1. Can you pull the Kirkwood radius for region 327-379, inverse mean 1/r over Cα pairs, to one decimal in Å?
2. Give me Ser166, Ser378 sorted ascending by neighbouring Cβ count inside 10 Å, so fewest comes first.
3. If you rank Met102, Met111 by fewest surrounding Cβ atoms within 10 Å, what's the result?
4. Considering all alpha-carbon pairs of region 301-425, what whole percent are spaced by more than 27 angstrom?
5. Can you tell me the Rg and Dmax of region 3-87, counting just the alpha carbons, in angstroms?
6. For Arg13, Arg141, Arg404, what's the fewest-to-most ordering of other Cβ within 10 Å of each Cβ?
7. About the Cα centre, and with charges only on the beta carbon of Lys, Arg (+1) and Asp, Glu (-1), how big is the dipole of region 3-87? Nearest 20 debye, please.
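Each value in this text was obtained by applying a stated rule to the coordinates, not by laboratory testing. Small disclaimer: the values here were computed from a predicted structure and weren't measured. FYI the Cβ positions are ideal-geometry reconstructions off the backbone, even for glycines, and counts take in every protein chain you see.
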Amino acid sequence: MTMGDITRETVLRAIEECDDLGVEGFRAKYGFGPARQYVLVHEAEQYDSKAILNVAHLYATGVLGGFSGGKDHAAARLRELGFVVVARGPQPAADLDVLRSMPLLEQIRRMRTHKTGTTPTRHKPLALLWAIGLAPTPDTRLNAWPDFRDGVGPLLRDFGHDHNKSTPENPFWYLASGPFWEVTGITSSDGQVPAAGRLTAVSRDSVAGVSAGFTEEAVKVLADEVRRAEIVAHLLTTYFPERDHARLLAATHVRTEDEGAATDEDEQDEPVTLDVPGSNEEDRAVSKTIRATTRYDRDSGIVRDLKLLYDNTCQICGTTLRGRAGKRGSDGAHFRPLAEGGPDSLTNLLCLCANHHRELDLHGIYVGSDNVVYITDSFEIEGELTFHSEHRINADHARYHRARCHVDTHPDVEPPPEAGSNPASA
Ligand SMILES: [Zn+2]
């Protein structure tokens, strides 16, 4: 078995078969996993370089190849044959899978930064704030290198340490040592950060371009105002303890309060951020401040679906919030807050009016196992949930919320000091 048997024609036949079967079907047929690092780019489509090369060997010789996907193997031969092969990003660290299973805030807490003496450099945190300020969506999360350079470079000059160099190529590349960042479109033979000149050259020439940004998973988390504010707070308190946070937030376009978002004062007493695993007092305090001064008005897709399902009608009282020109409004209310590990899924959500949402968040009302809504302090009935046929709630999430109201138990919620009566689970 040698790679010399493989020709450009047999590679094109393998690509054609992959187009027919779809990437998943192609992998499944020949028993390959996803390409870890090297991707073959052909006519603007991406293919697993290793799988394509080995199937091309099958076409050439009748035997499926057993070549590895490393840069010295599949990628090198494909390039010899005139194909474009690009890397997904830097070599992942060994513990990336462990990190990946953690909440985004924790992943970012564990982010490694270079240090000057004991002071961490600000390249990565500034790049993250810049990327958060763009309010990334799954479609807009990747930023072309020239945009990143022109956005992050000035921030490094204005907010970096005096002794740090302004080198945006560093965070562009090295952030991908965390599981929340992705670099596409460039290889580096030694895993080292590509020089700015090379990034610029590849950006100009490469079929795929070279870009970087948050992963899709991270973008989903960042769409949630609470989690996002906690992450911003962590970055500010950890890396910019003495700087003017308002100025930094303005420079990174992490949006600040506007007249339409007159957040109520008691928002700052809202306990929803208090139980984040691993967060510290300082982060929490800043997080609350940011929540009170930052406007996030984008719902997740799931919340939008929910509101559509109910036509913005409260599941408890049936009212809807009136807007201008016939527009209607409602809230997506999570039983188990996202900040406490709750999923952004329909089974963890109710469509509520603003008042009932607020009361649910304040634990003033709870939903019993009978879907009746009770007033926490009096156990009086507030109403009964109306359900659309396509919507169910997960009993465990509702129970989690009841445990927060101290009227039920849940393994994730510590029982109150004095265990009282327990009508919800009766
Ligand atoms: Zn209501």
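1. Values: mean 1/r = 0.0853 Å⁻¹.
The answer is 11.7 Å.
2. Values: Ser166 15, Ser378 8.
Listing Ser166, Ser378 from fewest to most nearby Cβ atoms yields Ser378, Ser166.
3. Ranking Met102, Met111 by Cβ neighbours within 10 Å, fewest first, gives Met102, Met111.
4. Numbers: 1185 of 7750 pairs.
So the portion of pairs separated by more than 27 Å is 15 percent.
5. Final numbers for Rg and Dmax: 11.0, 29 Å.
6. Ascending Cβ contact count within 10 Å gives the list Arg13, Arg141, Arg404.
7. Details: 9 positive and 12 negative charges, 72 e Å.
About 340 debye.
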